[in-house]
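Scroll down for the structure; my scribbles are underneath it.
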Amino acid sequence: MEINIWQVLFQIVNFGVILFVLNKVLYKPILKLLDDRAKKINDGMALADKNIKAAEETEKTKKEEIAKARKEAAAIIRDAESDAKKAAALVMENAQAKAKAEAERIVKNAQADVASSKKSMEAQTVELAVAMAHKVLESTLTSADSQKITKVMLTKLR
Amino acid sequence: MTIINVISSYKLASAEIQSVGLIAKDKLGATGTIKNTVDKSVLAGVKILVDGRELDLTLAGSLTRLAGSLA
């Protein structure tokens, strides 16, 4: 087989031209297209990552806010319970003091009533005794006795 | 002239009326004419009345004063 140098050279040049043309017309645009797509995809993924991070951040902030609100609510409930207990204790204390004072007043009144009744009964008893003594004297004292007593009394008192 | 009323269960003798006058002067600071009224309900002793004031020297009065001191 004979190798024609000019044919080989022509083929090499031909190949070079085709390569050049293909590079210019096909390879570069396609590579550019692929690069652009890859860039787009990367940008999209970066944006997605950024959005995911932002969402996570928002979620974290939301959870913190909820926890803070729960803590505050619990504190408010605790304070309200404490205040209610204190108020109830105060009301109970006041009611007990009032009841005690009322009971003391009733006892005092009852004691006063008893003392008054006792005094009244004593006075009535004495009155009755005096009336009885008077009656007895009326029936036993003669006029002579009466005169005698009068004379003695007048003598003693002058 | 002040009237000194003396109530007794019998009519008082003059000496007794004189005693009443002295008692009225001493106890009530009163002097005047003594008028003796007899009241059988007066047990023993006398009651002296002058210018709205009363001095009860009867037995009943003594009992009443005793009752008052005991009550």
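Quick notes
- Principal-axis tilt of helix B:14-23 within chain B, Cα atoms, nearest 10 degrees: 70 degrees
- Structure-based [θ]222 nm, chain B - -39500 (n - 2.57) summed over DSSP H runs of at least 4, per residue, nearest 500: -9500 deg cm²/dmol
- Across all C-alpha atoms in chain B, the radius of gyration and Dmax reach 12.3, 40 Å.
- Degrees between helix B:59-70 axis and first principal axis of chain B (Cα, 0 to 90, nearest 10): 40 degrees
- Per-selection Kirkwood Rh - segment A:1-90 (Cα, Å, 1 d.p.): 20.7 Å
- Under 14 Å from a label point set 7 Å out along the Cα-to-Cβ vector of B:Ser62, the amide N atoms of segment B:22-51 belong to B:43-47.
- MRE, 222 nm, helices only [DSSP H, n ≥ 4, -39500 (n - 2.57), over chain A, to nearest 500]: -34500 deg cm²/dmol
- Our estimate of slack between A:Gln111 and A:Asp79, defined as 0.36 nm per intervening residue step minus the Cα-Cα distance, is 6.8 nm.
- Contact order relative to length of chain B, as percent, for alpha carbon pairs under 8 angstrom and 6 or more apart: 38 percent
- The protein assembly as shown: C-alpha pair distances exceeding 26 Å, %: 74 percent
- Förster radius 35 Å - calculated FRET efficiency between A:Trp6 and A:Lys28 (Cβ-Cβ, nearest 0.05): 0.70
- In range of the label at B:Asn5: residues from segment B:21-55 whose backbone nitrogen is under 16 Å from the point 7 Å along Cα→Cβ: B:32-42, B:46-55
- Chain A: angle of helix A:143-157 to the longest principal axis, Cα-based, in degrees nearest 10: 70 degrees
- Stretch gain in nm, segment A:Lys100-A:Lys40, where the contour uses 0.36 nm per residue and the Cα spacing is subtracted: 12.8 nm
- R0 of 35 Å, Cβ-Cβ distance A:Glu93-A:Glu72: FRET efficiency to nearest 0.05: 0.65
Values quoted throughout were computed directly from the atomic coordinates according to the rules given, and no laboratory measurement underlies them. What you see is a predicted model; the values in this text were computed from it and never measured. Quick reminder, even Gly has a Cβ in these numbers, built from the backbone with ideal geometry, and neighbours come from all protein chains shown.
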